[in-house]
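Asker: My questions will all concern the structure given below.
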Amino acid sequence: MAQEFRSTGSQITNTATTLYTAAAYDAVIGLRLANILTTAITVSVWIDDGSVRYIVKDLSIPPASSVEIVQGGAKFVLESTNVLKAQSSAAVSVDAWVSVVQQISI
């Protein structure tokens, strides 16, 4: 079975924003967050698997800066129906880019 690489962008606000919903066993291989404001913000990213499982909680991002949450060969697997979500401390404040490998073999 061939592996499919996908990526998607989202804008994170001060309400829970869905970044990615897994359809099968999908591996998140990249997650970058960029603060697009001129003031510092905090951001939380979590997996919703029926409960909240934080990847980062209240991470501070300086103005006009970015942070790579998943990098350097790190990855995590989302099972079917798991949802990757994020929320910022300010409205329309973070651009997010998520890269995944869909339907990995387990």
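Asker: Select, from ALA64, ALA23, the only residue that is among the hydrophobic types (A, V, I, L, M, F, W, C), part of a loop (DSSP other than H, G, I, E, B) and without any contact (Cβ under 8 Å) to a residue 40 or more places away in the chain.
Answerer: ALA64
Asker: Quick check on this structure: which one of ILE55, ILE36 is more than 18 Å from ALA90 (Cβ to Cβ) and touching a residue at least 12 places away in the same chain (Cβ under 8 Å)?
Answerer: It is ILE55.
Asker: Output the number of the condition that THR39 fails; it satisfies all remaining conditions of (1) over 17 Å from SER66 (Cα atoms); (2) not in a strand (DSSP E or B).
Answerer: All conditions are met except number (1).
Asker: Identify, by number, the condition in (1) part of a loop (DSSP other than H, G, I, E, B); (2) surrounded by 12 or more Cβ atoms within 10 Å (Cβ to Cβ) that SER80 doesn't meet.
Answerer: (2)
Asker: Could you tell me which numbered condition VAL56 fails, if it satisfies all but one of (1) among the β-branched types (Val, Ile, Thr); (2) in contact with a Phe, Trp or Tyr (Cβ under 7 Å, 6 or more places away or on another chain); (3) open to solvent by less than 60 Å² (accessible area, probe 1.4 Å); (4) at pLDDT 95 or above?
Answerer: (2)
Asker: Which residues, counting only those in region 65-91, are farther than 16 Å from SER7 by Cβ, of a type in the set (A, V, I, L, M, F, W, C) and at pLDDT 95 or above?
Answerer: Within region 65-91, VAL67, VAL83, ALA90, ALA91 qualify.
Asker: Among (1) more than 16 Å from PHE76 (Cα to Cα); (2) open to solvent by less than 50 Å² (accessible area, probe 1.4 Å), where does ASN14 come up short?
Answerer: Of the numbered conditions (1) more than 16 Å from PHE76 (Cα to Cα); (2) open to solvent by less than 50 Å² (accessible area, probe 1.4 Å), the odd one out for ASN14 is (2).
The values are calculated or read from the model by the stated rules, or taken from the named source; none is laboratory data. Owing to the predicted nature of the structure, the values given are computational and were not obtained by experimental measurement. Note that we place each Cβ from the backbone using ideal geometry, even for glycine, and neighbour counts take in every protein chain shown. Just the protein is used for accessible areas: all its heavy atoms, side chains included, with ligands, DNA and RNA removed. Shrake-Rupley method; radii C 1.70, N 1.55, O 1.52, S 1.80 Å.
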